[in-house]
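Here is the structure we will look at, set down as structure tokens.
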Amino acid sequence: MPGEGVALGAMGAAIKASSVEASVAATAQRAAQGDHIVLGLEAFGLEKTAADVGGRTLMNDVGWRSTFQAALQDSTTQITVSLDGVSGGSAYSQFMNAAQQGAASQSGNFNWEMSQLYQAGRHVEATFIRDGALVPNPFK
């Protein structure tokens with residue numbers, strides 16, 4: 001029935017908003033203890049995603065590679081990965097494909113970041129987001 005679809009759509013939006021709000025609250029608590037870096041593809045709204053979750057990107061950091069590597073060594077640094085625009089059928093395949101390509105120096109800064117995240121073992125504690133919603137971490 002048409003009315004039910006609207007109600008369910010509104011309910012789904014409320015659940016999605018609640019999920020993002022919970023993520024922002026949890027992230028803010030962790031960020032109070034340290035930095036919060038958001039990784040992803042610039043062309044797919046990375047700056048907006050970072051603002052939405054209360055983090056920052058390294059897009060304007062001239063020494064971003066050094067900053068990122070230092071962040072990986074700091075256990076108080078929260079890392080969020082936006083999977084928007086990343087090829088793959090699941091969070092696992094999206095992340096691992098990028099990490100493998102980054103390890104082989106095959107393409108792009110994002111792939112290099114995923115490779116570094118994996119090698120440092122920080123992918124296990126990272127927060128993953130797609131289309132503004134939390135995605136379960138496939139490594140937990």
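Computed quantities for the displayed model
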| read-out | value |
| --- | --- |
| Cβ crowding within 10 Å averaged over residues, with 44-55, 77-88 ranked highest first | 77-88, 44-55 |
| Convex hull (Cα only) mean projected area of the stretch 39-99, reported in nm² to one decimal | 4.6 |
| Square roots of 5 times each gyration tensor eigenvalue, C-alpha, the stretch 44-140, largest first, Å | 17, 17, 14 |
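Read-outs: derived from the displayed coordinates by stated rules, not from any lab. None of these values were measured; they are calculated from a predicted model. All Cβ positions, even for glycine, are placed from backbone atoms using ideal geometry, and neighbour counts span all protein chains on display.
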